[in-house]
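J.: Before I ask anything, here is the structure I am working with.
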Amino acid sequence: MATPIRPRRSVLYMPGSNPRALEKGKSLACDGIILDLEDAVAPDAKAAARDTVVAALAGGGYGARELLLRVNGLNTPWGHADLVAAATSGAHGVLLPKVESADTVRQAERVLEAHGAPPELALWCMMETPRGMLRAEEIADATPRLAGLVMGTSDLAKDLHCAHTPLRLPLVTSIGLCLLAARAANLAILDGVYLDLGDADGFAASCVQGRELGFDGKTLIHPKQLDAANAAFAPSEDEVAWSRRVIAAHAEAEAAGKGVVLVDGRLVENLHVENARRVVAMAEAIAALS
């Protein structure tokens, strides 16, 4: 599934068992919402949460926000029913937890398609276990229906027995494998959550680091994190202005039969133009959301 330019700066987890939170999501400045039936819902509330989320999706009102429904795994008592409900729920995508193989993705896809999933319903994969890291490439190539990967860095750190440090050096190998797999397969990829809600500076720094690493945006656990994520993962005014100059100068050079051109003393080639177009397209998509 080709992934169009779409802002995913801030994607907020919402517990599927909380109707009030699901309603509040309609007014928040997030690019996307993960309606969660997995970690955020207690076992005895899973079935009721599924009904609540399906009703919320049917009710609409979320505007241009991207809506992902995180289901329970097929190896749980709730996973199959979650996928059946998700198939025609109206969500933009279904987020599979703890994916460790391409077979897991294709198995979920078969359930969705058997229960009427439209072609545009995307699959997304949580990447949060050591085996998932080692199989990132095969997971990313599992099906054309796959649209993106989501890092589950908290679970991953637990399984690796590593420290979750501010610079995340113990996780860099895992993050790099997933970024490589996502970009090779033309998928979106979202950074993991930041759990310390009292550390605004640390969260802002993690957003900057995430963008520098190459993530499209960050998953969030609280609305107070929205502004910093939206700022960090959006192109700055200077970036957009520079990109427009690059596009214009290159077009002028091409018209004159030149392959390269200097912009503000810097050499510009096709690869720079491609990135400039992506930056401008993202800025325009963000403006359209506003």
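A short reminder: the numbers here are calculations on the coordinates, not readings from a lab. Keep in mind that what you see is a predicted model, and the values were worked out from it rather than measured. FYI the Cβ positions are ideal-geometry reconstructions off the backbone, even for glycines, and counts take in every protein chain you see.
J.: Rounded if a/c is under 1.5, else prolate if a/b beats b/c, else oblate: with a ≥ b ≥ c from the C-alpha gyration tensor eigenvalues square-rooted, which is segment 237-289?
T.: Cα axes put segment 237-289 in the prolate bin.
J.: Tell me, what HN-Hα J-couplings in whole Hz come from the Karplus equation 6.51 cos²θ - 1.76 cosθ + 1.60 at θ = phi - 60° for each residue of segment 171-178, using x for Gly and Pro?
T.: 9, 4, 4, 5, 4, x, 4, 6
J.: Using the crude model of +1 on Lys and Arg Cβ and -1 on Asp and Glu Cβ, and no other charge, please compute the dipole size for segment 10-232 relative to its Cα centre, in debye to 20.
T.: Dipole size: approximately 200 debye.
J.: Counting Lys +1, Arg +1, Asp -1, Glu -1, what net charge surrounds VAL94 among other residues with beta carbon under 15 Å of its beta carbon?
T.: -1
J.: Another one. Taking the Cα centroid of segment 213-264 and of segment 53-95, what is the distance between the two, rounded to the nearest whole Å?
T.: Between the Cα centres of segment 213-264 and segment 53-95 lies a distance of 33 Å.
J.: Modelled label-to-label distance, ALA200 and ASP227, 7 Å Cα→beta-carbon offset: nm?
T.: 0.6 nm
J.: Pull up all non-local amide H partners of LEU220: gap of 5 or more, or a different chain, and H-to-H distance under 5 Å with H placed in the peptide plane.
T.: Amide H to amide H, under 5 Å and 5 or more residues apart or across chains, LEU220 pairs with VAL11, LEU12, TYR13.
J.: Mind running the shape call on segment 4-107? Use the C-alpha gyration tensor, a ≥ b ≥ c as the square roots of the eigenvalues: rounded below 1.5 for a/c, prolate if a/b tops b/c, oblate otherwise.
T.: Oblate shape, in that a/c is at least 1.5 and b/c is the bigger or equal ratio.
J.: Using the Karplus equation 6.51 cos²θ - 1.76 cosθ + 1.60 (θ = phi - 60°), what ³J(HN,Hα) coupling, rounded to whole Hz, does each residue of segment 149-156 give in order, writing x for Gly and Pro?
T.: 10, 10, 6, x, 5, 5, 5, 5
J.: Mind counting lysine pairs for me in segment 10-232? Cα separation below 20 Å, and the two need to be 8 or more apart along the chain or on different chains.
T.: Taking segment 10-232 as the scope, the lysine pair count is 8.
J.: Now, a different point. Using Cβ counts within 10 Å as a stand-in for footprinting exposure, how do VAL105, VAL84 rank, fewest first?
T.: With the sparsest Cβ surroundings first, the list reads VAL84, VAL105.
J.: Taking loop as defined by DSSP and a crowding limit of 11 other beta carbons within 10 Å, which GluC sites (Glu not before Pro) in segment 108-174 fit?
T.: GLU120
J.: Loop-only trypsin sites (Lys or Arg not before Pro) in segment 190-290, please: DSSP not H, G, I, E or B, and at most 11 other Cβ atoms within 10 Å.
T.: Sparse-neighbourhood loop trypsin sites (Lys or Arg not before Pro): LYS258.
J.: Still on this model: On full extension of the chain, what length is gained from GLU120 through LEU267, given 0.36 nm per residue of separation minus the C-alpha to C-alpha distance?
T.: Separation in residues times 0.36 nm, less the Cα-Cα distance, equals 48.9 nm.
J.: Need one word for segment 127-255: rounded, prolate or oblate. Basis is the Cα gyration tensor (sqrt eigenvalues a ≥ b ≥ c); a/c below 1.5 gives rounded, then a/b vs b/c decides.
T.: Because a/c hits 1.5 or more and a/b fails to exceed b/c, segment 127-255 counts as oblate.
J.: Using modelled backbone amide H atoms (1.01 Å from N, in-plane), which distant-in-sequence or interchain residues come within less than 5 Å of LEU95's amide H?
T.: Under 5 Å from the amide H of LEU95 lie the amide H atoms of LEU69, ARG70, VAL71, TRP124, each far enough along the sequence or on another chain.
J.: Right, something else. For the chain, what does the convex hull of the Cα positions come to per residue, in cubic angstrom?
T.: 143 Å³
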